[in-house]
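Report on one structure; see the data block that follows.
The values are calculated or read from the model by the stated rules, or taken from the named source; none is laboratory data. Just so it is clear, the model here is predicted, and its values are computed rather than measured. To get the accessible areas, we keep the full protein, side chains included, count just its heavy atoms, and leave off ligands, DNA and RNA. Shrake-Rupley method; radii C 1.70, N 1.55, O 1.52, S 1.80 Å.
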Amino acid sequence: SIAEAVRIVCPDLFGPSSPRAAAREVKIDQLGGGLSNHLFVVSTLDDAPAPTVLVRVHGEDDDGGDDGVGGFVDRDFENRVLAHLSHLGLAPAFHGRFLNGRVEEFYRGYRPLTHAEMGDARYAGGVADAMAALHRLAIPGEVLGERRRDGNG
């Protein structure tokens, strides 16, 4: 279950050793908007400062199997890159992964741009600048694994 995955991946936030663990019941709300993922926001129901995380459950057919390789999306590679970008402060905090998904920081008060907004002059320049900066990053070899920067490998 999603609650079990969060307790295993984030024991310091939701597990038995977390503050007020006995009262740490979780609330799970499903979000829309995922293209190939099911998205859930997980928080606590108690009065303690509520940690909140985003749980991504990957689509059944998008990675080709348990090894994360062979399908449309290489989840092992995707998660290595996300963890690296998170370490650099350029992506949400990466808490960890489970068999068919991952747990990451949830940005409360934000929402993704709609398709129409992406082309809107108010946002397009900022999106283009952010994407250009992202693509200029030097990614270390241990993150890339067997892939080469030119995409041939």
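Checking each residue in region 112-141 for being outside any helix (DSSP H, G or I), over 26 Å from Ala83 (Cα atoms) and open to solvent by 60 Å² or more (accessible area, probe 1.4 Å) picks out only Gly119. Report yes if some residue within region 74-93 is of a type in the set (Lys, Arg) and either at pLDDT below 65 or open to solvent by 30 Å² or more (accessible area, probe 1.4 Å) (or both); otherwise report no. Yes. Quick check on region 95-102. Is at least one of its residues within 24 Å of Val41 (Cα to Cα), at pLDDT below 90 and part of a loop (DSSP other than H, G, I, E, B)? There is at least one residue in region 95-102 that is within 24 Å of Val41 (Cα to Cα), at pLDDT below 90 and part of a loop (DSSP other than H, G, I, E, B). Of the residues making up region 4-52, those that are at pLDDT below 65, among the charged types (D, E, K, R) and open to solvent by 70 Å² or more (accessible area, probe 1.4 Å) number 2.
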